[in-house]
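Values quoted throughout were computed directly from the atomic coordinates according to the rules given, and no laboratory measurement underlies them. What you see is a predicted model, and the numbers here were worked out from it, not measured in a lab. Reconstructed Cβ throughout: ideal geometry from the backbone, glycine too, with neighbour counts over all protein chains shown.
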Ligand code: NDP
């Protein structure tokens, strides 16, 4: 993707058009109140556009449109083959508009455009393609009741799905919810994060171009406490799929209980441990991936490997290798393909990350980083930061920082490693490095995490379920299992 070069990306960015209205019933419309919010490029501090700030009445309009579309059957009762055709075309359109979508991601939330162009956008296209291809290969059931009865057990779409997603992978998170929900015939009302609305708005437009009927995918940009809450409390939303913080995830459970008992699926925070044992045969690979696991996407990853647990005999060697990798991962202009790390999502989040860094400086040994910096004199960037001699009880070892900040903790044996790894309210992901197959299985079995990666970090694919244990949430994104969230089983009992 870097065939464009720095200047190529800058030129394309100068020409980009931001969709700044809500997308309801197949059209871009202003918020009824006329309110807007500023979308700011965190790498420069410049305002990109004033975006429609949807309130309750806009969410009502979007839900009504989604319900009408669902009831019409134009999508909900379309054949799986037809839905496949449209979603495959959408995947193709994502590829065709790759440069534009990658730029929207980068400008909106600060990530490296090269990553967006090689990981985020192709990833989203791949997920639409995967669900499109799956949907006409799923068979329903006939229950084994015996002669005289024919009992069909069929999956049906739920109706209107609300999706509330975060800013760290704006297009991917929208896709993780929308692709399986749409593939199964639901209508969707999507609320992107305030910090990153543009790719979701463009996605909805491209979906219509691909043939999705009007009203099947609506996008309501706006603030969490207004648009997000209105969706969560809506009496005509059947299911709410959320990715974001644990605190807001808990609010959605309350909204549901206080409204129509809609199904709620939560993918929330993490404090994922990465365990490196002394019998790991390739410490350089472990260090490469440990650095990737915390510095990729500025550490703004729910499954970031933010706790590095290292067996004491190799700890100092590992810390030295990591410091070298941190030195090579300094922040730079997100539009420069040579840059290794982008900007944090906004100044407020950078200040939050720095509060954790300052707390860490008081309790642990700062190995490298620890400063907020600018690039070309502007923007919200934080250096890749490593703390050594971290105690499992320290704030930086317990709370989700969501920035490029690694806590290194030493352990002596397997039991201690497991005790530290599992001593967290979260259980999203974990990694471990060892050359012993037995140890790998033993530890993987006892780690409290939705995904355990062995001799790699943060492994995921459209084929594998992604989601957490404990306060990392429940329900699984990706894989065929995600379809369970957006469908209900119906039994039809026929006597003959
Ligand atoms: P939030 O959980 O606040 O935001 C996620 C989504 O929820 C956004 O669309 C947001 O809207 C919406 N939202 C916020 N408040 C409400 C509300 N009261 N009712 C309904 N919807 C709401 O995450 P933040 O963006 O504030 O990030 C805070 C922390 O959350 C991060 O530092 C990180 O620790 C964690 N996080 C975890 C993520 C994950 O992937 N697990 C992703 C993002 C954050 P809006 O942005 O417009 O307010």
* R0 of 41 Å, Cβ-Cβ distance residue 57-residue 139: FRET efficiency to nearest 0.05 -> 0.45
* To do: Give the angle, between 0 and 90 degrees and rounded to the nearest 10, that separates the Cα long axis of helix 437-446 from the longest principal axis of the Cα atoms of the chain.
  => 60 degrees
* **Ranked 152, 437, 88, 93, criterion: other C-beta atoms within 10 Å, fewest first** => 437, 152, 88, 93
* To do: Provide the gained length on full extension for the span residue 324 to residue 415, in nm with one decimal, where the gain is 0.36 nm per separating residue minus the Cα-Cα distance.
  => 29.8 nm
* Structure fact -> Output row, site residue 16, 7 Å Cα→C-beta label point, backbone N cut-off 19 Å, window segment 180-216, residues 192-207
* Structure fact -> From fewest to most C-beta neighbours within 10 Å, the residues 7, 361, 262 line up as 7, 361, 262
* Structure fact -> One would report the antiparallel percent of DSSP beta bridges in the chain, rounded to the nearest 5, as 45 percent
* Asked: If you stretched the chain out fully between residue 398 and residue 481, how much longer would it get, using 0.36 nm times the residue separation minus the C-alpha to C-alpha distance?
  -> 26.9 nm
* At 222 nm, what helix-only mean residue ellipticity would the chain give, in deg cm²/dmol to the nearest 500, using -39500 (n - 2.57) for each DSSP H run of four or more? -> -11500 deg cm²/dmol
* Structure fact -> Expected sort for 11, 458, 394 with the fewest Cβ neighbours (10 Å cutoff) up front is 11, 394, 458
* Once fully extended, how much extra length lies between residue 81 and residue 236, figured as 0.36 nm per residue of separation less the alpha-carbon to alpha-carbon distance? -> 53.0 nm
* Give me the angle, in degrees from 0 to 90, between the Cα long axis of helix 283-295 and the longest principal axis of the Cα atoms of the chain, rounded to the nearest 10. => 60 degrees
* To do: Beta carbons within 10 angstrom, averaged per residue: use that to sort the peptides 218-226, 129-137, 173-181, 72-80, highest first.
  => 173-181, 218-226, 129-137, 72-80
* Asked: When the label point is put 7 Å from the Cα of residue 147 along its Cα-to-beta-carbon vector, which residues of segment 458-496 have a backbone N closer than 18 Å?
  -> 494-496
* What angle, in degrees between 0 and 90 and rounded to the nearest 10, separates the Cα long axis of helix 170-183 from the longest principal axis of the Cα atoms of the chain? -> 30 degrees
* Asked: Using the beta-carbon distance between residue 493 and residue 317 and R0 = 45 Å, what value does 1/(1 + (r/R0)^6) give for FRET efficiency, to the nearest 0.05?
  -> 0.10
* Asked: With contacts defined as alpha carbon pairs under 8 Å and 6 or more residues apart, what's the relative contact order of segment 139-202 in percent?
  -> 32 percent
